[in-house]
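Have a look at the structure below, then the notes.
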Amino acid sequence: MISVALVGCAHIHIPGFIKMLQKRTDVKTKCVWDHDPARAGKRAEELGASVVADVCEVWRDREIQAVIVCSETDRHESLVTAAAGAGKHLFVEKPLGIAAKDAWAMADAVGRAGVKFQTGYMTRGRPAVLFLRDHVRAGTFGKITRVRGSNCHSGAMRGLFDSEWRWMADAQQAGCGAFGDLGTHSLDILLWLFGEVDAVIATLDNGTARYPDCDETGEAIIRFKNGIIGTLAAAWDDVANPVQYLISGTEAHAAIINDQVYFTCGKLDLDGKEPVNPEQLPQGWPHAFELFLDAIVGKDVPLIGVREAAYRSAVMEAMYESARRNQWTKPTVVGGQA
């Protein structure tokens with residue numbers, strides 16, 4: 001049985017993570033810490049765990065082998081560097097950093113500690129995305145010229161961040177608004193499939209203006225180092241988001257529409273008029289959080305590297321900076337390639 005600690009309970013994904021933890025028989029949550037004692041108490045009760053008043057108790061406890069950091073983003077750096085220094089494996093909710101500087105500092109700390117790391121990019125393991133990955137790697141598309149990722153929902157219209165999760169609509173605490181919150185998932189896929197970027201330019205807007213402290217919608221153009229042109233959309237102001245990904249190449253075209261893959265490829269005799277049979281898609285992966293729990297109990301599973309996570313924070317920071325300056329901006333990279 002592996003003992004873990006929950007450090008910070010602020011993130012909107014916490015209820016789902018708690019349900020996953022409750023189902024595990026090989027992992028137990030020993031204690032919970034949050035700067036808000038009431039919030040810590042609520043989550044500790046759900047997990048049958050104790051509450052610690054001082055987070056340093058977590059770092060000192062040798063029984064605790066892993067830490068789950070779901071605090072406000074502006075608290076990540078101090079918590080992650082301390083946990084890594086104490087030799088704890090780390091799950092850290094996305095985005096890793098407020099910006100590039102703190103993200104790369106965390107990456108350095110985790111790298112020095114040599115602990116296992118995972119972050120909350122759960123879309124990598126979807127069968128439709130894995131299908132695209134396999135064909136990108138196989139060269140099925142020929143020369144890829146243009147790609148697109150879109151991740152939007154109606155959170156602002158539904159008042160999703162009006163109460164318990166209000167901090168996520170405060171750019172000072174979250175480091176971003178809707179574009180960074182949702183866009184980082186699609187950005188992860190684009191970078192995972194197509195590599196590093198040369199420069200980006202974005203435009204952001206307050207949308208419905210329900211949340212005046214952050215952006216609610218945005219769009220970016222990405223110039224990849226390999227010459228591919230990419231676009232990224234993300235918002236809390238959309239009633240639907242049917243087309244999640246597009247890949248256009250000289251020999252094939254693919255679109256993920258409502259989680260179904262439409263694939264046009266003459267060599268494979270596919271015209272894209274009907275979705276790919278789900279039985280022809282790769283088997284999906286467990287949720288990113290489940291993969292972390294599997295990893296700490298000794299299973300060989302795919303995890304997201306901490307430098308990958310830091311690079312996504314750096315690219316997103318460049319997008320926000322480009323929107324402020326209205327000019328192409330290069331991401332800040334520390335210590336070589338991500």
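Annotation note: of V69, V52, the sole residue that is under 24 Å from D170 (Cβ atoms) and touching a strand residue (DSSP E or B) at 6+ places or on another chain (Cβ under 6 Å) is V69.
For residues that are in a helix (DSSP H, G or I) and of a type in the set (A, V, I, L, M, F, W, C), scanning just region 161-181, find the one that is nearest to A323 (Cα to Cα). Here the answer is F179. Of the helices (runs of 4 or more DSSP H) contained entirely in region 1-67, those carrying at least 1 residues that are touching a Leu at 6+ places or on another chain (Cβ under 9 Å) and either aromatic (F, W, Y) or over 21 Å from K116 (Cα atoms) (or both) fall at 14-23, 37-47.
Within region 214-232, the set of residues being buried (at least 21 other Cβ atoms within 10 Å of the Cβ) and touching a strand residue (DSSP E or B) at 6+ places or on another chain (Cβ under 7 Å) comprises D215, E216, T217, G218, A220, I222, I228, G230, L232. For S313, the conditions (1) at pLDDT below 95; (2) surrounded by 19 or more Cβ atoms within 10 Å (Cβ to Cβ) all hold with the exception of (1).
On the stretch given as region 126-149, residues that are crowded, with 16+ Cβ neighbours inside 10 Å, part of a loop (DSSP other than H, G, I, E, B) and in contact with a Ser or Thr (Cβ under 8 Å, 6 or more places away or on another chain) total 1.
The single condition among (1) farther than 27 Å from A178 by Cα; (2) touching a residue at least 60 places away in the same chain (Cβ under 8 Å) that K299 does not meet is (2).
Scanning region 309-338 for residues that are under 15 Å from F224 (Cα atoms) and assigned to a loop (DSSP other than H, G, I, E, B) yields a total of 7.
Within region 234-276, being surrounded by 20 or more Cβ atoms within 10 Å (Cβ to Cβ), in contact with a Leu (Cβ under 9 Å, 6 or more places away or on another chain) and either polar (S, T, N, Q) or closer than 12 Å to R148 by Cα (or both) holds for A234, Y245, I247, A254, A255, I256. Pairs meeting the criteria (first residue in region 21-49 and at pLDDT 95 or above, second residue among the acidic types (D, E) and surrounded by fewer than 16 Cβ atoms within 10 Å (Cβ to Cβ), beta carbons under 7 Å, at least 6 apart or on different chains) are K30/E63.
The residue of region 187-200 that is nearest to A169 (Cα to Cα), among those that are in a strand (DSSP E or B) and within 20 Å of the chain's Cα centre (by Cα), is V200. Looking only at residues that are surrounded by fewer than 23 Cβ atoms within 10 Å (Cβ to Cβ) and in a helix (DSSP H, G or I) in region 80-99, which one is farthest from the chain's Cα centre (by Cα)? Taking the candidates together, the pick is G85.
Only one of the numbered conditions (1) farther than 30 Å from P212 by Cα; (2) surrounded by fewer than 14 Cβ atoms within 10 Å (Cβ to Cβ); (3) not acidic (D, E) is not met by I296, and that is (2).
Residue check: is V301 aliphatic (A, V, I, L, M), in a loop (DSSP other than H, G, I, E, B) and closer than 18 Å to E77 by Cβ? Judged against the criteria, V301 is not a match.
Buried (at least 21 other Cβ atoms within 10 Å of the Cβ) and assigned to a loop (DSSP other than H, G, I, E, B): does that describe Y211? In short, yes. Name the single residue that is nearest to E93 (Cα to Cα) among those in region 14-27 being surrounded by 15 or more Cβ atoms within 10 Å (Cβ to Cβ) and not aliphatic (A, V, I, L, M). Ranking the candidates gives F17 first. The residue list T203, T184, T123 contains one member that is polar (S, T, N, Q) and assigned to a strand (DSSP E or B), which is T203. All told, R112 meets the bar of being surrounded by fewer than 17 Cβ atoms within 10 Å (Cβ to Cβ) and either part of a helix (DSSP H, G or I) or of a type in the set (A, V, I, L, M, F, W, C) (or both).
The values are calculated or read from the model by the stated rules, or taken from the named source; none is laboratory data. The shown structure was predicted, so the numbers you read here are calculated from the model rather than taken from an experiment. Methodologically, a virtual Cβ is constructed for each residue, glycine included, from the backbone with ideal geometry; neighbour enumeration extends over all protein chains shown.
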